[in-house]
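Trainee: Got a structure for you, questions after.
Only the coordinates and a few stated rules stand behind these numbers; no lab work does. What you are looking at is a predicted structure, and each value in this text was computed from that prediction instead of being measured. We place every Cβ from the backbone using ideal geometry, glycine too, and count neighbours over all the protein chains shown.
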Amino acid sequence: MPVSESRSTEDRIIALDLIRGISVMGIFSVNVVAFAMIQAAYLNPAGFGGSTGPDGFVWAANMLLVDGKFRSLFSMLFGASMLLVIDRAEAGGGTGWAVHWRRMAVLLMLGAAHAILIWHGDILTLYAMTGLVAFLFRRLAVEKLAALGLAFSLANLLLFGAIAFTLVSQDMAVHGPNPSADVVRNWNANLSSFFPSAKAIAADMAIYDGGWAGVVAHEAAGAGQILVNNILLMPDTLGLMLLGMAGYKSGFLTGQWSDGDYRRIALWGIIAGLIGFGGLVVANFATGFYVPVVLGGFMAAMVPFRISMALGYAALIILLFRKPSQLRARFAAVGRAAFSNYIGTSLVATAIFYGWGGGLYGDLGRAQAWLLVPLVWLLMLAWSKPWLDRFHYGPLEWVWRSLARGQLQRMRKRERLAPAA
């Protein structure tokens with residue numbers, strides 16, 4: 001239960017920034033694979049990237065502890081921050097809906113630029129599209145927001161559960177008596193998405209090992225597929241944003257609950273998540289990464305475990321950083337500059353792996369590629385706080401805010417005058 005409203009506004013914002021900062025760092029731990037190798041490798045190490053030895057260990061560790069949990073938490077924080085911005089706008093005499101819609105329009109534009117010019121795995125366009133819908137629910141009470149959030153998450157579970165069931169049906173039909181040509185063709189197409197042929201791998205590597213112009217042309221041609229993927233992922237993302245809005249209104253995500261409540265949520269939320277994802281890891285290895293298990297397990301069966309573990313992580317982060325410290329300030333700064341850090345990881349990783357940069361795309365195993373992760377984490381922690389000590393916003397936060405408000409925002413903080421002798 002929430003405790004009395006005794007903490008300062010600054011403390012509440014720090015709680016949000018802390019969770020956001022650690023989340024964006026966690027996301028890169030799994031995204032690095034999508035930068036370093038063919039898309040099929042992201043969920044299926046047996047298809048590309050390695051599923052044995054150190055490569056298999058890195059996949060299992062990420063699936064057990066990271067994958068999906070920090071993206072869920074980041075999505076919740078987007079919903080919470082959305083309410084914070086709207087509340088501030090209305091408290092200052094502005095119009096909440098106008099501020100929000102301008103921010104989402106600019107975010108959609110910047111996300112599209114990121115997806116086409118830098119990296120196809122962009123999540124900003126999805127957030128902008130979903131944020132426009134989430135705004136409609138902003139005035140609901142905590143209980144209704146939580147219930148609707150879980151309902152949309154259930155819809156996502158049912159959607160991808162149906163897709164997984166279809167894959168199982170296709171598998172049974174294609175290995176049954178007299179399968180039709182259409183059944184065989186559909187099964188092979190679905191199988192190739194997770195176990196790409198040598199020809200498909202060579203074609204993919206030719207694109208991303210080539211020049212920047214070729215990559216941009218390829219991403220622009222696939223923009224329609226990005227839109228389709230966003231529509232498929234909207235129920236899940238909307239559900240998470242609504243849960244984040246409930247977490248903000250209830251005080252859960254802003255550090256206003258008691259330590260005892262946070263301890264219980266951290267303990268049981270993380271334990272439940274570990275049980276669920278532990279079962280998924282075992283099932284994947286046991287079935288040789290059977291396609292319905294790979295897709296249906298992660299996208300459908302793990303939905304409740306992913307949410308419980310994300311909430312458990314949020315509670316644990318708040319508990320660990322109750323007291324001010326240099327480490328807390330560093331993580332919070334990463335969160336305040338999360339937009340810049342998110343795009344920054346794309347710039348760093350593509351510069352290392354793509355052909356226009358280091359050209360290591362497809363050349364490293366999963367474990368080798370992951371060695372970049374702690375270096376990027378250190379980079380995030382190293383630059384964010386010194387920058388924000390001098391400036392009001394991260395570089396891209398400043399761009400977003402200036403474009404959304406239609407005027408350049410003051411960037412540099414005023415120097416404090418030394419006291420007179």
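Trainee: Over region 9-405, calculate the relative contact order: mean separation of alpha carbon pairs under 8 Å at least 6 apart, over the residue count, as a percent.
Mentor: Relative CO of region 9-405 lands at 33 percent.
Trainee: What does the charge dipole of region 9-405 about its Cα centre add up to, to the nearest 20 debye, if the Cβ of each Lys and Arg holds +1 and the Cβ of each Asp and Glu holds -1?
Mentor: For this selection, approximately 1060 debye.
Trainee: As a test of the definition: which semi-axes, in Å, follow for the chain when you take the square root of five times each eigenvalue of its alpha carbon gyration tensor? Largest first, please.
Mentor: Semi-axes, largest first: 36, 26, 21 Å.
Trainee: While we're here: Please name which of I27, L379, I86 has its Cα lying farthest along the dipole of the chain towards the positive end, using unit charges on Cβ (Lys, Arg +1; Asp, Glu -1) and the Cα centre as origin.
Mentor: Going by the Cα projections, it comes out as I86.
Trainee: Here is a follow-up. Of the peptides 175-186, 353-364, 312-323, 292-303, how do they stack up when ordered by the mean number of other Cβ atoms within 10 Å, highest first?
Mentor: Highest to lowest by the protection proxy: 292-303, 312-323, 353-364, 175-186.
Trainee: Next up: Highest mean first, what order results for 240-253, 59-72, 42-55 on Cβ atoms within 10 Å?
Mentor: Result, highest mean first: 240-253, 59-72, 42-55.
Trainee: On the Cα set of region 1-120, report Rg and Dmax in Å, please.
Mentor: Final numbers for Rg and Dmax: 18.9, 59 Å.
Trainee: If you don't mind, another one. Measuring from centroid to centroid over Cα atoms, what is the spacing of region 296-328 and region 247-270 in Å?
Mentor: So the two Cα centres are separated by 10 Å.
Trainee: Whole Å is fine, so just give me how far the alpha carbon centre of region 45-88 lies from that of region 383-397.
Mentor: Computed from Cα coordinates, the inter-centre distance equals 25 Å.
Trainee: While we're on this one: Under the rule of -39500 (n - 2.57) per DSSP H run of 4 or more residues, summed and divided by the residues of the chain, what mean residue ellipticity at 222 nm is obtained, to the nearest 500 deg cm²/dmol?
Mentor: -24500 deg cm²/dmol
Trainee: Mind checking the alpha-carbon convex hull of region 219-262 and giving the volume per residue in Å³?
Mentor: Dividing the Cα hull volume of region 219-262 by its residues yields 92 Å³.
Trainee: R0 = 30 Å: FRET efficiency of A203 with L136, Cβ-based, nearest 0.05?
Mentor: 0.10
Trainee: For region 243-365, list log₁₀ I(q)/I(0) at each q in 0.21 Å⁻¹, using the Debye formula over Cα point scatterers of equal strength and ignoring solvent, two decimals each.
Mentor: Evaluating at q = 0.21 Å⁻¹ gives log10 I(q)/I(0) of -1.09.
Trainee: Related question: When we measure straight from the Cα of K413, which lysines land under 30 angstrom away, once same-chain ones fewer than 8 places off are left out?
Mentor: Partners within reach: K323, K385.
Trainee: I'd like the distance separating the alpha-carbon centroids of region 357-372 and region 138-201, in whole Å.
Mentor: Using only Cα atoms to place each centre, the spacing works out to 29 Å.
Trainee: Using only Cα atoms and rounding to the nearest 10 degrees, what angle (0 to 90) does helix 338-353 make with the longest principal axis of the chain?
Mentor: Tilt relative to the chain: about 40 degrees.
Trainee: While we're looking at this one, here's another question. Given contacts defined as C-alpha pairs under 8 Å and at least six residues apart, what's the relative contact order of region 1-124, whole-number percent?
Mentor: 20
Trainee: Multiplying the sequence separation of F57 and R263 by 0.36 nm and subtracting their Cα-Cα distance, what value in nm do you get?
Mentor: Contour length minus Cα-Cα distance gives 71.3 nm.
Trainee: Would you mind checking the tilt of helix 303-320 against the longest principal axis of the Cα atoms of the chain, expressed as 0 to 90 degrees and rounded to 10?
Mentor: The angle comes out near 30 degrees.
Trainee: In nm, what is the difference between 0.36 nm times the number of residues separating L378 and A91 and their Cα-Cα distance?
Mentor: 99.6 nm
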